[in-house]
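All remarks here apply to the structure that follows.
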Amino acid sequence: MTRTIADQITERFGLETTTGADRAAEGTVASILGRSVCRAFKPDPIDDDLLEILLACAQSGPTKSNLQQYSIMVLRDKERIGKLADLVPTMPWIADAPLVMIFLGDVRRIRRLAAWREHDYQNNVADTFMNAAVDAAIALQSFVIAAEAEGLGACPISYIRNRLDELQELLALPEGVFPIAGLCVGWPARRRPVSLRLPPSVVVHHETYDDSNLTDEVAAYDERAHERQPIAPGSQRHRDLYGELEKCVWSENVTRQLSRPERDNFADWLRRNGIRLD
């Protein structure tokens, strides 16, 4: 029996649907719906031509007012990748990736161009930071979509922002350039199952915002997610504070995680590196 888009949507949310039942699971839409994170890579390198194509795809995404306030760092040198992996000791598989990308917000470029064109740069504000961060995130996602369509696997890494000073030194990042996320890329050694997502009824709002059924919807999602992939004891957040549960569901775990400050030095680091958040 031919697998359909409806089958993929059902797998993604754990909810039966007929949407896409008349469409075969193939092409770009199927690639996106079927994606899963990859944290195990074969040692095979990524061809130079393919990498250039994927980078062109990354730069083809939308960007605010065509300002293009982002940069992409490409790491293929195993020694440098190893040093990056040392900054993230909980993720040793980073060292096995043949390619690591760092997607960067970059307001330095426009500032330099403003000086070149003898214009007074007047936009060192929070909105510019937001625009640069979104530009970089769109470029990352465009790269991921293209890479996975070619059979590659990828895993974004936000943890790099835990080691800002060390990362800045490792990559020689100048003032006005800041990390958004890393991305490990390579040929998958094994595929992980598709992650169950929150139902569209929680995430998608029509015309006006409405979360009146939030807890009921999330409680049902918690059960579906637990049935498919229970959270292991070792993955339960802040066990030192909250203990270990026999059954720890998604909403419990994520609210545990965010009950403690994470990267609360980021704003100060940005300001020290010439980015105002006023």
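Between TRP187 and HIS119, what's the calculated FRET efficiency when r is the beta-carbon distance and R0 is 35 Å? Round to 0.05.
0.15
Rounded to the nearest Å, what's the spacing between the alpha carbon centres of segment 251-278 and segment 179-197? Just the number, please.
Each part's Cα centre sits 24 Å from the other's.
Among SER142, SER158, rank each residue by its count of other Cβ atoms within 10 Å, from fewest to most, as a rough exposure measure.
The fewest-first ordering by Cβ neighbours comes to SER158, SER142.
Taking the number of other C-beta atoms within 10 Å as the exposure measure, put HIS238, HIS226 in order starting with the fewest.
HIS238, HIS226
Connecting C-alpha atoms closer than 10 Å in a GNM of the chain, tell me which of ASP120, ASP165, ASP135 has the biggest fluctuation.
For the chain, modelled as a Gaussian network with Cα springs under 10 Å, the answer is ASP120.
How much length is gained if the chain between VAL204 and THR17 is pulled fully straight, taking 0.36 nm per residue apart and subtracting their Cα-Cα distance, in nm to one decimal?
Here the answer is 65.7 nm.
Run through segment 222-255 and list the trypsin sites (Lys or Arg not before Pro) located in a DSSP loop whose Cβ has at most 12 other Cβ atoms within 10 Å.
Those that pass, being in a loop and sparsely packed, are LYS247.
Angle between the Cα long axis of helix 126-149 and the longest principal axis of the chain, 0 to 90 degrees, nearest 10?
Approximately 60 degrees, to the nearest ten.
Using DSSP to call loops (not H, G, I, E or B), can you name the trypsin sites (Lys or Arg not before Pro) in segment 92-160 whose Cβ has at most 13 other Cβ atoms within 10 angstrom?
ARG117
Looking only at LEU87, LEU54, LEU15, which one moves most when the chain is put into a Gaussian network model with springs between Cα atoms under 10 Å?
Looking only at LEU87, LEU54, LEU15, the biggest GNM fluctuation is shown by LEU15.
What is the extension gain from ALA24 to LEU50, computed as 0.36 nm multiplied by their sequence separation minus the C-alpha to C-alpha distance, in nm to one decimal?
That works out to 6.7 nm of additional length.
So which lysines pass the test for LYS78, namely a Cα distance under 19 Å, with those fewer than 8 places away in the same chain ruled out?
Here the lysines satisfying the reach criterion relative to LYS78 are LYS42.
Testing the spin-label approximation: label points 7 Å from Cα along Cα→Cβ at LEU277 and ALA220. State their distance in nm.
If labels sit at LEU277 and ALA220, their model points lie 3.7 nm apart.
Per the helix-only calculation at 222 nm, which mean residue ellipticity applies to the chain, given -39500 (n - 2.57) for every DSSP H run of n ≥ 4 and division by its residues, nearest 500 deg cm²/dmol?
About -12000 deg cm²/dmol.
So, R0 is 30 Å and r is the distance between the beta-carbons of LYS64 and TYR159; what FRET efficiency does that work out to, to 0.05?
Taking R0 as 30 Å, the efficiency between LYS64 and TYR159 is 0.70.
Could you check the spin-label model distance between ASP240 and ARG109? Points 7 Å from the Cα along Cα→Cβ, value in nm.
Output for this residue pair reads 4.1 nm.
Using only alpha-carbon positions, what ratio does the radius of gyration of the chain give when scaled by 2.2 N^0.38 Å?
Normalised Rg, Cα atoms only: 1.11.
For a quick check: with amide H placed at 1.01 Å from N, whose amide H comes under 5 Å from ALA189's, ignoring anything fewer than 5 positions away on the same chain?
ALA40, PHE41, LYS42
Under a 10 Å cutoff between Cα atoms, tell me which one of ALA181, ALA146, ALA24 has the largest fluctuation in the Gaussian network model of the chain.
Maximum fluctuation in the GNM of the chain, among the listed residues, is at ALA24.
Tell me the label-point distance for the pair ALA40, GLU227, using the 7 Å Cα-to-Cβ offset, in nm and rounded to one decimal.
According to this spin-label approximation, the distance is 2.7 nm.
Readers should treat all values here as calculations from the given coordinates under stated rules, not as data from a laboratory. Just so we're clear, the structure is a prediction, and the values are computed from it rather than from any experiment. A quick note on method: Cβ atoms are made from the backbone with ideal geometry, for glycine too, and the neighbour counts reach across all protein chains shown.
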